[in-house]
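Have a look at the structure below before the remarks.
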Amino acid sequence: MTDQLSSMSDQDSKRDGLKEGLSSSDGDIRVLFVLNAILSVLFAWTIVWGLSFMGAVTFELTTIAGVAVVLFLLTYVVTMT
């Protein structure tokens, strides 16, 4: 039992930290685009719904799409710079 614990602690000491692991991972850019698109549409839907509830804009698909495109581009520019 103690041999297993000591071998586990040896393996843990050889691992890099979370920061090193994240900085060494490039990831897949397609996943970023898909997540950004989905979250932008959901957030745009929420924004447009709230504004239409207050009477500021009409709740239409074109309005949601416009806000989603703006959010998508803004997020992309902020994260890629």
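Please work out which residue is surrounded by the fewest Cβ atoms within 10 Å (Cβ to Cβ), limiting yourself to the stretch 68-77 and to residues that are under 20 Å from Arg30 (Cβ atoms) and free of Cβ contacts under 8 Å to residues at least 40 places away in the same chain. Spell out how you get there, then give the answer.
Step one: list which residues in the stretch 68-77 are under 20 Å from Arg30 (Cβ atoms), which gives 68-69, 71-77.
Still in the running and free of Cβ contacts under 8 Å to residues at least 40 places away in the same chain: 68-69, 71-75, 77.
Numbers: Ala68: 22, Val69: 14, Leu71: 19, Phe72: 19, Leu73: 12, Leu74: 11, Thr75: 17, Val77: 9.
Among residues in the stretch 68-77 that are under 20 Å from Arg30 (Cβ atoms) and free of Cβ contacts under 8 Å to residues at least 40 places away in the same chain, the one surrounded by the fewest Cβ atoms within 10 Å (Cβ to Cβ) is Val77.
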> Between a first residue in the stretch 26-37 that is within 20 Å of Leu74 (Cβ to Cβ) and a second residue that is surrounded by 11 or more Cβ atoms within 10 Å (Cβ to Cβ), which pairs have beta carbons less than 8 Å apart while being 6 or more apart in sequence or on different chains?
Replying inline: Asn36/Phe72; Asn36/Thr75; Asn36/Tyr76; Ala37/Ala68; Ala37/Phe72
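Count, please, the residues in the stretch 26-45 that happen to be among the charged types (D, E, K, R) and either part of a helix (DSSP H, G or I) or farther than 16 Å from Met80 by Cα (or both). Spell out the reasoning first.
Filtering the stretch 26-45 for residues among the charged types (D, E, K, R) gives 26, 28, 30.
Retained after the next criterion (residues that are either part of a helix (DSSP H, G or I) or farther than 16 Å from Met80 by Cα (or both)): 30.
Residues that pass the stated criteria total 1.
Rundown of residues vs (1) modelled with pLDDT of 95 or more; (2) part of a helix (DSSP H, G or I); (3) surrounded by 11 or more Cβ atoms within 10 Å (Cβ to Cβ), yes/no style:
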position	(1), (2), (3)
Ser6	no, yes, no
Glu20	no, yes, no
Ile47	yes, yes, yes
Thr62	yes, yes, no
Gly66	yes, yes, yes
Thr79	no, yes, no
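The values are calculated or read from the model by the stated rules, or taken from the named source; none is laboratory data. On a predicted model such as this, the values are computed, not experimentally measured, just so you know. Here the Cβ is made from the backbone with ideal geometry for all residues, glycine too, and neighbour counts use every protein chain on show.
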